[in-house]
Amino acid sequence: MATDRRGDGASSTRTWDCGYEPDRRAEYECLDCGEVLRTRGHPGGCPRCGSVLRNRTMPIE
């Protein structure tokens, strides 16, 4: 929940429902070898080649 304070002293409360699920597993993909992992937290580097992993749920721009 976030509180938005305006300059006039009034406040309003806004809530964003982003669908957070703490037990949900995310997919990570190695940018070099293509290894795909499913884990609850960011695993760091690729276990196969040691390269950088990206979260597959985040779009690449």
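Report the local net charge at Ser51: Lys and Arg +1, Asp and Glu -1, summed over other residues whose C-beta lies under 12 Å from its C-beta.
-1
Using the number of other C-beta atoms within 10 angstrom as an exposure proxy, rank Leu31, Leu37, Leu53 with the fewest first.
Taking fewest neighbouring Cβ atoms as first place, the list is Leu31, Leu37, Leu53.
Coordinate-derived values only; no laboratory data. What you see is a predicted model; the values in this text were computed from it and never measured. Neighbour counts are summed over all protein chains in view; Cβ atoms, including those assigned to glycine, are modelled from backbone coordinates with ideal geometry.
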